[in-house]
């Protein structure tokens, strides 16, 4: 990942290359791939002409006009660690099939890259920096089925100790060796790991936190990290899930995003002596993110399961405010950060069911809107609040409590996403329809819990 130039010799030294693998994320964030036998001629042809595919199957275009072209992004070259044959893997760029093969406007990777360029256009900063935290469960076995005659899931875990699992040590921490191996694989793939540990859930919840990168590489690395973790689990005969709430009465899994802006002078958010050492640009940026937080939820928390995690009254980040201590706040400024170069805030609502290209781009567009329109989070009543010391005179605002409420919020607040044609109304409406259909299918399905509550009435 992140190579400045592509040199096949470097890969041949490690393993004879037999295949080229092209990876593309669909609109939901699920990874797809296409494999071609390797030759220098094939790679040259791919760079010139690309390879055709059905864009409608990725959620990009309608069936009646769905032909598209993908070309490898050579800067993302990686020796795939899970293919038996030597395979060079690339993320791709997507193009239209017109005469000029113009770039597809809503190629998700193009969107992310074009959005970040707006920081320079509006003279706010040079680029963004993001540091994701991955929370997930490791399970020894999972079975599930939903049909007209049966609906169930059954989970088995090698863990099950009767205490809070946060930073718990072995022998209770069964999967520390798995996290070690995952970290080795991630680092080799260019994803720098900050640390890993057991999380709160005592039935196998884990966390791996990674270091900062700009918008597009971070979104790529989120997709790549999930790919590596899922495949490593398969190698070990285990299962992992990034579902925000896979089990009742177990801690939910989020994907907290640490975030700041950079310019030529350094951290564009830093001001010594300001609140939490943040300057006015940072506060306006936070103001934009919080003002648009309900609409952002449609991208950062895009599943019905997301809202089983985002429940007010627990540690879940549902309060639309900011502060240094309260983990129930959407925006938390970490108190432990002393390095001016990494002064930042943490946006806590997102989970890993989000498509990272859409979610990170939308968050940045909200922050940009805050800076351009000088949205002051203090004047908006968003804080700062510390711990549980909320001002009782202020009616606290909370994130939507369902995907339908989040989609309603997006349908009423999306103008900030349209700036400079990064998003357009057709894409937003397509997303709303896609997720509304998903909700309708799931909500019409009787659940085992409903049998518990209602069967004998």
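The values are calculated or read from the model by the stated rules, or taken from the named source; none is laboratory data. Just so it is clear, the model here is predicted, and its values are computed rather than measured. All Cβ positions, glycine included, derive from the backbone under ideal geometry; neighbour counts span all protein chains shown.
Out of all the residues in the stretch 280-302, which are under 19 Å from residue 357 (Cα atoms) and surrounded by fewer than 20 Cβ atoms within 10 Å (Cβ to Cβ)?
Of everything in the stretch 280-302, nothing turns out to be under 19 Å from residue 357 (Cα atoms) and surrounded by fewer than 20 Cβ atoms within 10 Å (Cβ to Cβ).
Which members of the stretch 78-117 meet the condition of being at pLDDT 95 or above, part of a loop (DSSP other than H, G, I, E, B) and either assigned by TED's automatic domain parsing to the domain that holds residue 219 or touching a strand residue (DSSP E or B) at 6+ places or on another chain (Cβ under 6 Å) (or both)?
Of everything in the stretch 78-117, those that are at pLDDT 95 or above, part of a loop (DSSP other than H, G, I, E, B) and either assigned by TED's automatic domain parsing to the domain that holds residue 219 or touching a strand residue (DSSP E or B) at 6+ places or on another chain (Cβ under 6 Å) (or both) turn out to be 80, 85.
All but one of (1) surrounded by fewer than 20 Cβ atoms within 10 Å (Cβ to Cβ); (2) closer than 24 Å to residue 210 by Cα; (3) touching a strand residue (DSSP E or B) at 6+ places or on another chain (Cβ under 7 Å) hold for residue 141; which doesn't?
Exception for residue 141: condition (2).
Taking residue 167 as the residue in question, decide whether it is surrounded by fewer than 20 Cβ atoms within 10 Å (Cβ to Cβ) and either free of Cβ contacts under 8 Å to residues at least 40 places away in the same chain or over 20 Å from residue 239 (Cβ atoms) (or both). Quick ask: steps written out before the conclusion?
Numbers: surrounded by fewer than 20 Cβ atoms within 10 Å (Cβ to Cβ): yes; either free of Cβ contacts under 8 Å to residues at least 40 places away in the same chain or over 20 Å from residue 239 (Cβ atoms) (or both): yes.
Judged against the criteria, residue 167 is a match.
Checking the structure you have, find out if any residue of the stretch 272-279 is surrounded by 24 or more Cβ atoms within 10 Å (Cβ to Cβ) and modelled with pLDDT of 95 or more.
As a first pass, look at the stretch 272-279 and keep what is surrounded by 24 or more Cβ atoms within 10 Å (Cβ to Cβ): none.
No, that holds for no residue.
Are there helices (runs of 4 or more DSSP H) fully within the stretch 365-457 with at least 1 residues that are crowded, with 19+ Cβ neighbours inside 10 Å and modelled with pLDDT of 95 or more? List them.
On the way: elements: 403-412, 425-443, 448-454.
Because the criterion is at least 1 residues that are crowded, with 19+ Cβ neighbours inside 10 Å and modelled with pLDDT of 95 or more, the helices (runs of 4 or more DSSP H) in the stretch 365-457 that meet it are 403-412, 425-443.
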